[in-house]
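A short reminder: the numbers here are calculations on the coordinates, not readings from a lab. Since the model is a prediction, treat every value here as computed from it, not as a measurement. A quick note on method: Cβ atoms are made from the backbone with ideal geometry, for glycine too, and the neighbour counts reach across all protein chains shown.
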């Protein structure tokens with residue numbers, strides 16, 4: 001909800017409304033995220049945090065998340081962090097991603113993305129994915145671009 005002062009909405013409240021709009025977009029308009037159950041828990045200019053509940057249909061034969069699902073979460077969180085850092089809305093495309101899988105994830109996972117290079121055209125984000133116990137499951141570098 002935007003709180004208005006006598007001079008109109010404050011810059012802070014407008015920014016929070018934009019963050020909330022972006023978070024809801026990533027949850028409901030990106031169909032793969034909706035299918036997987038991705039929820040955005042934090043969206044600020046500094047970072048984006050996303051939660052993915054453990055679900056059997058997203059797992060490999062050992063009940064751990066399939067690596068492709070973890071990669072999709074890292075990609076989504078990294079591009080969201082880039083949008084947040086540059087204050088943009090709309091479409092963003094992944095240019096490249098490098099991911100290291102560090103442990104099996106057989107619980108809910110949380111991804112935290114931070115844009116480490118918020119450029120006008122190219123952005124680079126670092127994403128860390130942790131399980132429910134806080135164990136680092138994967139780490140990714142996501143390079144994205146805002147199409148002109």
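Values as computed for the structure displayed
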quantity: Cα→Cβ-extended label distance, 7 Å offset, between residue 34 and residue 12, nm; calculated: 3.4 nm
quantity: Cα-based helix-to-principal-axis angle, 11-28 vs the chain, degrees rounded to 10; calculated: 30 degrees
quantity: The stretch 21-65 - percent relative contact order, Cα under 8 Å, separation 6 or more; calculated: 24 percent
quantity: Mean Cα-pair separation over length for the stretch 4-145, i.e. relative contact order, pairs under 8 Å, 6 or more apart, %; calculated: 22 percent
quantity: Over the chain: helical MRE at 222 nm, DSSP H runs n ≥ 4 each giving -39500 (n - 2.57), nearest 500; calculated: -9500 deg cm²/dmol
quantity: Dimensions in Å of the chain - Rg and Dmax from alpha carbons; calculated: 15.8, 59
quantity: Mean Cβ count within 10 Å, highest first, over the residues of peptides 46-57, 86-97; calculated: 46-57, 86-97
quantity: Ranking of 36, 59 by count of other Cβ atoms within 10 Å, fewest first; calculated: 59, 36
